[in-house]
Amino acid sequence: MNRYQKLFATLTAEKRGAFVPFVPVGDPTPELSFKIIQTLIESGADALELGIPFSDPMADGPTIQNANIRAFKGGITVEKCFEMLGNVRAHYANIPIGLLIYANLVFKNGIDNFYAKCAKAGIDSVLIADVPVEYAKEFTVAAEKYNIAPIFICPPNANDEVIKNIAKHGKGYTYLVSRAGVTGTENRANKPLTHLLQKLTEFGAPPAIQGFGISEPDQVSEAIKSGAAGAISGSATVKIIEKNLDNPEQMLSQLAHFVQTMKKATSQSL
């Protein structure tokens, strides 16, 4: 079994869902970013979703865009990102680590070369935010070559054909989007997407983790009650970083509390 399969098997046995925080690698500096990632893991994150900073992240709201800008100012590069990711994997052998990125970043590195770097760094999955499943063939071929799970977004308006494609080509997990638009805690997740979760299960898609606008424990509970295997929180996590840039100790303490609180909600709901 791969790391995602082991995780979901454990969670099923424990009757709880996954809590997955998202942060961009290198925000606000490579050194502090590594401590942030360590804090997320050691506070109980079930898996990580990490971004490689990108100059034009179209799916991201202002919170994550600003985090990318901070990371660039802090000196992050793609090569430094992979170095850090390899270091995270060296310290934490079992946690699933996914990347959430954009196609231009992959093209710039060369598709095959990019996935080779992912494999070398111990990455489990890659989600390319601006490539829907129907246009993803060249990426999925490379992903499978290097044993990287291709993750696909299931949008709130997905029809049966899209869901069947996700079930056919997706591995690891399915990123279930709570609502249309960009990420951000200023836009709360919509009501649970029970009908989509039922369809994803019916067609045999990888377990669905709900993201976009997940900022509070009750939303985690709602997602899991509806049938999601977990919840991803990006903007709410990054906001804690943003609000504590002048006080790293407080930042890490608040991040730890946030992860613990959100994780607790994954079992309260079952």
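None of the figures in this text is laboratory data; all of them are computed from the coordinates on show. All values reported here derive from a predicted model rather than from experimental measurement. Ideal geometry is used to build each Cβ from the backbone, glycine not excepted, and the neighbour counts take in all protein chains shown.
Within straight-line reach of Lys243, meaning a Cα separation under 29 Å, sit the following lysines at least 8 residues removed in sequence or on another chain: Lys35, Lys73, Lys80, Lys191, Lys263, Lys264.
As a test of the formula, what do you get for the chain when each DSSP H run with n ≥ 4 contributes -39,500 (n - 2.57) and the sum is divided by the residue count, at 222 nm and rounded to the nearest 500 deg cm²/dmol? Please report the intermediate quantities before stating the final value.
Details: 12 runs with 136 residues, N = 270.
Computed ellipticity for the chain at 222 nm equals -15500 deg cm²/dmol.
Ranked by how many other Cβ atoms sit within 10 Å of their own Cβ, fewest first, the residues Leu40, Leu32 fall in the order Leu32, Leu40. Paramagnetic label reach from Glu31 (point 7 Å along Cα→Cβ; backbone nitrogen cut-off under 17 Å): within the range 221-255, residues 245-252.
A Stokes-Einstein calculation at 37 °C with viscosity 0.692 mPa s, built on the Kirkwood radius of the range 17-268 over Cα pairs, returns a diffusion coefficient of 184 µm²/s.
Might you report the magnitude of the Cβ-based charge dipole of the chain about its Cα centre, with Lys and Arg at +1 and Asp and Glu at -1, to the nearest 20 debye?
Working: 26 positive and 26 negative charges, 91 e Å.
So the dipole magnitude of the chain works out to roughly 440 debye.
Taken along the Cα-to-beta-carbon direction at a fixed 7 Å, the label points for Asp130 and Lys73 span 2.4 nm. Per the Debye formula with a single identical scatterer at each Cα and no solvent contribution, what log10 I(q)/I(0) holds for the range 1-74 at q = 0.21, 0.27, 0.28 Å⁻¹? Calculated log10 I(q)/I(0) at the listed q: -0.90, -1.15, -1.20.
Over the chain, what relative contact order in percent results from Cα pairs under 8 Å that are six or more residues apart? Mind dumping the intermediate values first?
Details: 532 pairs, mean separation 61.0, N = 270.
Once divided by the residue count of the chain, the mean separation gives 23 percent.
Once the C-beta distance of Val141 and Gln198 is scaled by a Förster radius of 41 Å, the resulting FRET efficiency is 0.85 to the nearest 0.05. Packing around the peptides 132-139, 99-106, taken as the average count of other Cβ atoms within 10 Å per residue, puts them in this order, highest first: 99-106, 132-139. For the range 1-152, the spread of Cα coordinates along the three principal axes comes to 42, 36, 28 Å, biggest extent given first. Ordered by the number of other Cβ atoms lying within 10 Å of each residue's own Cβ, fewest first, Phe8, Phe72, Phe212 fall into the sequence Phe72, Phe8, Phe212.
Each residue in Val23, Val141 was given a count of other beta-carbon atoms within 10 angstrom of its own, and listing them fewest first yields Val141, Val23.
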